[in-house]
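Peer 1: Take this structure first; my questions come after.
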Amino acid sequence: DAKTTQPPSMDCAEGRAANLPCNHSTISGNEYVYWYRQIHSQGPQYIIHGLKNNETNEMASLIITEDRKSSTLILPHATLRDTAVYYCIALTNFGNEKLTFGTGTRLTIIP
Amino acid sequence: EPEVTQTPSHQVTQMGQEVILRCVPISNHLYFYWYRQILGQKVEFLVSFYNNEISEKSEIFDDQFSVERPDGSNFTLKIRSTKLEDSAMYFCASSVDRGNTQYFGPGTRLTVL
């Protein structure tokens, strides 16, 4: 699976949009971009994933650049409960089953 | 909304003892996983399981570890003779099929004394 690079930490004001970047310049054509988050020591929580089109669900939006070398997770109206470590993971949907977690981005929502 | 559940939430054991961590995956899921996270470190893959056999395992998953699906709902991780370094959070996950989204349980905190 392609290596991903994320900033170690970010702050965002409560109520504002949180934009979390991820670089995956070596991603291959069959690798999806998955986002998970981990609140304190809880189990990782699935947020969203995409291949090349932008995706939106009730939690977040995922914007993937046209060349697929980077993406941005957007939490449109951040709340204090969104304070967590966010992981961007590249994963092919056939053959490789395991999720490889990096160190992620520690997002802190400031009141 | 269906969830992965894990029991117990916290397990304390003496070094050398056997422990069994239990998970109930989401009911229509076919693939099951165990991950662990040592305090302050990354979440690490241990093993994946499908059709009553191990599909993939990491170097961490040595002979001290075993997994089993003893009935139609439970999925267990057994550590035969625990070591101090086995102290960690253990997360179970499940997915509908191979390569699909994995959903995680809340974890079991294992403390080996």
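Peer 1: Return the total of residues in region B:42-55 being at the interface with chain A (Cβ under 7 Å from one of its Cβ atoms) and buried (at least 17 other Cβ atoms within 10 Å of the Cβ).
Peer 2: 3
Peer 1: What are the residues in region B:78-89 that are crowded, with 18+ Cβ neighbours inside 10 Å, part of a strand (DSSP E or B) and more than 11 Å from chain A (Cβ to nearest Cβ), if any? It would help to see each step written out before you state the result.
Peer 2: Within region B:78-89, the subset crowded, with 18+ Cβ neighbours inside 10 Å is B:79, B:82, B:86-89.
Still in the list and also part of a strand (DSSP E or B): B:79, B:88-89.
B:Ile79 - this is the single residue of region B:78-89 that is crowded, with 18+ Cβ neighbours inside 10 Å, part of a strand (DSSP E or B) and more than 11 Å from chain A (Cβ to nearest Cβ).
Peer 1: Can you tell me how many residues within region A:81-95 are out of contact with any Asp or Glu (no Cβ under 6 Å at 6 or more places or on another chain) and surrounded by fewer than 18 Cβ atoms within 10 Å (Cβ to Cβ)?
Peer 2: To start, the set of residues in region A:81-95 that are out of contact with any Asp or Glu (no Cβ under 6 Å at 6 or more places or on another chain) comprises A:81-89, A:93-95.
Those still in the list that are surrounded by fewer than 18 Cβ atoms within 10 Å (Cβ to Cβ) too: A:81, A:93-95.
Qualifying residue count for the region: 4.
Peer 1: Scan region B:16-34 residue by residue and report those that are within 15 Å of the chain's Cα centre (by Cα) and more than 14 Å from every other protein chain (Cβ to nearest Cβ).
Peer 2: Answer for region B:16-34, where residues must be within 15 Å of the chain's Cα centre (by Cα) and more than 14 Å from every other protein chain (Cβ to nearest Cβ): B:Glu18, B:Val19, B:Ile20, B:Arg22.
Peer 1: Do we have B:Gly72 as in a loop (DSSP other than H, G, I, E, B) and open to solvent by 50 Å² or more (accessible area, probe 1.4 Å) here? Give the derivation first.
Peer 2: Numbers: in a loop (DSSP other than H, G, I, E, B): yes; open to solvent by 50 Å² or more (accessible area, probe 1.4 Å): yes.
It is true that B:Gly72 is in a loop (DSSP other than H, G, I, E, B) and open to solvent by 50 Å² or more (accessible area, probe 1.4 Å).
Peer 1: Let me ask you something else. Could you tell me whether B:Ile60 is open to solvent by 30 Å² or more (accessible area, probe 1.4 Å), within 13 Å of the chain's Cα centre (by Cα) and hydrophobic (A, V, I, L, M, F, W, C)? Outline the logic, then answer.
Peer 2: Working: open to solvent by 30 Å² or more (accessible area, probe 1.4 Å): yes; within 13 Å of the chain's Cα centre (by Cα): yes; hydrophobic (A, V, I, L, M, F, W, C): yes.
Taking the combined requirement at face value, the residue satisfies it.
Peer 1: I need the full set of residues from region A:54-111 which are within 13 Å of chain B (Cβ to nearest Cβ), of a type in the set (S, T, N, Q), more than 14 Å from A:Ile39 (Cα to Cα) and under 15 Å from the mean Cα position of the chain (by Cα), in order please.
Peer 2: Scanning region A:54-111 gives A:Asn57, A:Thr100.
Peer 1: At pLDDT 95 or above, more than 11 Å from chain A (Cβ to nearest Cβ) and in contact with an Asp or Glu (Cβ under 7 Å, 6 or more places away or on another chain) - does that describe any residue in region B:70-77?
Peer 2: Within region B:70-77, the first condition is being at pLDDT 95 or above, and the residues that meet it are B:75-77.
Right, trim to more than 11 Å from chain A (Cβ to nearest Cβ) and you get B:75-77.
When the remaining residues are screened for being in contact with an Asp or Glu (Cβ under 7 Å, 6 or more places away or on another chain), the result is B:76.
Yes, region B:70-77 contains at least one residue that is at pLDDT 95 or above, more than 11 Å from chain A (Cβ to nearest Cβ) and in contact with an Asp or Glu (Cβ under 7 Å, 6 or more places away or on another chain).
Peer 1: Here's another thing I want to ask about it. For region B:96-112, how many residues are more than 8 Å from chain A (Cβ to nearest Cβ) and within 22 Å of B:Leu30 (Cβ to Cβ)? Give the derivation first.
Peer 2: Filtering region B:96-112 down to residues more than 8 Å from chain A (Cβ to nearest Cβ) leaves B:96-97, B:108, B:110-112.
Checking the rest, the ones that are also within 22 Å of B:Leu30 (Cβ to Cβ) come to B:96-97.
Residues flagged as more than 8 Å from chain A (Cβ to nearest Cβ) and within 22 Å of B:Leu30 (Cβ to Cβ) within region B:96-112 amount to 2.
Peer 1: Out of region B:90-113, which residues are open to solvent by less than 10 Å² (accessible area, probe 1.4 Å) and not in a strand (DSSP E or B)?
Peer 2: Selection gives B:Gly99, B:Gln102, B:Gly105, B:Gly107.
Peer 1: Now, a different point. When you go through (1) in contact with a Ser or Thr (Cβ under 6 Å, 6 or more places away or on another chain); (2) modelled with pLDDT of 95 or more one by one for B:Phe65, which number turns out not to apply?
Peer 2: Of everything listed in (1) in contact with a Ser or Thr (Cβ under 6 Å, 6 or more places away or on another chain); (2) modelled with pLDDT of 95 or more, B:Phe65 misses just condition (1).
Peer 1: Let me ask something else. Given (1) touching a residue at least 12 places away in the same chain (Cβ under 8 Å); (2) closer than 21 Å to B:Gln41 by Cβ, where does A:Ile27 come up short, assuming only one miss?
Peer 2: Just one mismatch for A:Ile27, condition (2).
The values are calculated or read from the model by the stated rules, or taken from the named source; none is laboratory data. Keep in mind that what you see is a predicted model, and the values were worked out from it rather than measured. When we count neighbours, we look across all protein chains shown, and the Cβ atoms used for this are built from the backbone with ideal geometry, even at glycine. When the accessible area is computed, the model is the full protein with side chains, heavy atoms only, and any ligands, DNA or RNA have been set aside. Shrake-Rupley method; radii C 1.70, N 1.55, O 1.52, S 1.80 Å.
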